[in-house]
1. For Val154 and Ala141, calculate 0.36 nm times their separation in residues minus their Cα-Cα distance, and state this gained length in nm to one decimal.
2. Could you compute the FRET efficiency for Gln19 and Val103, with r as their C-beta to C-beta distance and R0 at 22 Å, rounded to 0.05?
3. Using a 1.4 angstrom probe and counting only protein chains, how large is the accessible area of Val166 in Å², to 10?
4. Along the stretch 153-166, what does the Karplus equation 6.51 cos²θ - 1.76 cosθ + 1.60 (θ = phi - 60°) give for ³J(HN,Hα), rounded to whole Hz, x for Gly and Pro?
5. Which whole-Hz ³J(HN,Hα) couplings does the stretch 23-33 yield from phi under the Karplus relation 6.51 cos²θ - 1.76 cosθ + 1.60, θ = phi - 60°, glycine and proline marked x?
6. For the stretch 108-168, what is the largest minus smallest coordinate of the Cα atoms on each principal axis, given in angstrom and ordered from greatest to least?
7. So how much slack lies between Thr52 and Ile4, counting 0.36 nm per residue of separation and subtracting their Cα-Cα distance, in nm?
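The values are calculated or read from the model by the stated rules, or taken from the named source; none is laboratory data. In this text, all values refer to a predicted model and were calculated from it rather than measured experimentally. Glycine also receives a Cβ, built like all others from the backbone with ideal geometry; neighbour counts cover every protein chain displayed. These area figures cover heavy atoms from the full protein model, side chains too; ligands, DNA and RNA do not enter into them. Shrake-Rupley method; radii C 1.70, N 1.55, O 1.52, S 1.80 Å.
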Amino acid sequence: GLPIILPPPGSPPPSPSSQIPGLGIHQAVVLGGTNAISAGVEPSIQGLGAATFRIGGANRAETATKLADFELAGPASATADGGLMFLLRHEGSTHAYLARSDVFADALAGGPLAASDLAPILLTASTTLSPETATWLKANAADINYVTALGLGVAVSQSVLDAATVAV
């Protein structure tokens, strides 16, 4: 798998900065818009010898849809030289997972499940399907047959799950 290094919004602290060359990382995906992870992080990573690629949107839900597009183009895996290799999307993966956007626990816990299915995790508000997620589901309805909510009904309400199901 790929390492996940979580910097604070301003810049990478010394620990992740020292991990990038130590792990032999040559490419890094910066996940989040500049409001989440400042633009100064990319030059810092590049200064450590790693190329960067940013996936980010105006908010968490939009970032999740952009990450889903990236995943559907082909999930990344590590290569022996620390680069990224893109694999073809698994033909049997015909669903998406839905998690609340304001608390990360369900999306984080559902990550291994979604990864094993090569299925994206989309984010939404608990009681209203986010417009970004609704738009993404409609645009990908030919590939997505069903949506699974992560967490209990207080995390993603039945009405949100129903709206997501109608979108596909």
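1. Details: separation 13, 0.36 × 13 = 4.68 nm, distance 2.57 nm.
The span from Val154 to Ala141 would gain 2.1 nm if fully extended.
2. Calculated transfer efficiency: 0.25.
3. Roll a 1.4 Å probe over it and Val166 shows about 120 Å².
4. x, 6, 7, 10, 5, 4, 5, 5, 4, 4, 5, 5, 5, 5
5. 8, x, 7, 10, 9, 9, 9, 8, 9, x, x
6. 29, 25, 16
7. Working: separation 48, 0.36 × 48 = 17.28 nm, distance 1.39 nm.
Contour length minus Cα-Cα distance gives 15.9 nm.
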